[in-house]
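Okay, so here's the structure we're looking at.
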Amino acid sequence: MLSEPPSPAWVLTRRRAVGDHIREARLYAKLTQEQLGGASGVDRQAINRIEQGHASPRLDSLIRIAAALNISLADLVRT
């Protein structure tokens, strides 16, 4: 299996911004990471890694998180 080259700094910056948007939307909805995980089917540890910008979420996960937060995917990933 081929590994991907490291992401450039601008990609990491935008990934952190997406994580910040998810955290802001989650807090606005008054949800814990555990509650968002239960509502979206994405485990709490993954939610934490995404919010911290340490993980690059799959598109399916982003779609599920956006639906659980009742926000459009476009708004969720807008940076």
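Using the Cβ atoms and a cut-off under 12 Å, what net charge is assigned to the surroundings of Gly53, where Lys and Arg are +1 and Asp and Glu are -1?
Value of the local net charge: +3.
In vacuo Debye scattering of the chain, one point per C-alpha: log10 I(q)/I(0) at q = 0.11, 0.13, 0.21 Å⁻¹?
Debye intensities relative to I(0), on a log10 scale: -0.26, -0.36, -0.88.
How much net charge surrounds Leu27 when only other residues with a Cβ under 14 Å from its Cβ are counted (Lys, Arg +1; Asp, Glu -1)?
With Lys, Arg at +1 and Asp, Glu at -1, the neighbours total -1.
Order of 53-60, 14-21 by packing, highest average Cβ count within 10 Å first?
Taking the mean over residues of other Cβ atoms within 10 Å, the ranking is 14-21, 53-60.
Along Cα→Cβ, 7 Å out, is where each label goes; now give me the distance between the ones at Ser56 and Ser3 in nm to one decimal.
1.3
Only helical DSSP H runs with n ≥ 4 go in: add -39500 (n - 2.57) per run for the chain, normalise by residue count and round the 222 nm mean residue ellipticity to 500 deg cm²/dmol.
-19500 deg cm²/dmol
Hey, how many Å between the Cα centroid of segment 12-45 and the Cα centroid of segment 48-62?
Centre-to-centre (Cα) distance: 9 Å.
With the chain treated as a Gaussian network of Cα nodes joined by springs under 10 Å, which of Ile47, Ile22, Ile63 yields the largest mean-square fluctuation?
Ile63
Taking all pairs of distinct Cα atoms, average 1/r, flip it, and tell me the Kirkwood hydrodynamic radius of segment 1-42 in Å to one decimal place.
Final number for the Kirkwood radius of segment 1-42 is 12.2 Å.
Return the sequence-ordered ³J(HN,Hα) values of segment 25-34 in whole Hz as given by the Karplus equation 6.51 cos²θ - 1.76 cosθ + 1.60 applied to θ = phi - 60°, using x for Gly and Pro.
5, 5, 5, 4, 7, 6, 10, 7, 4, 4
Coordinate-derived values only; no laboratory data. This structure is a prediction, so every number in the text was calculated from the model and none was measured. FYI the Cβ positions are ideal-geometry reconstructions off the backbone, even for glycines, and counts take in every protein chain you see.
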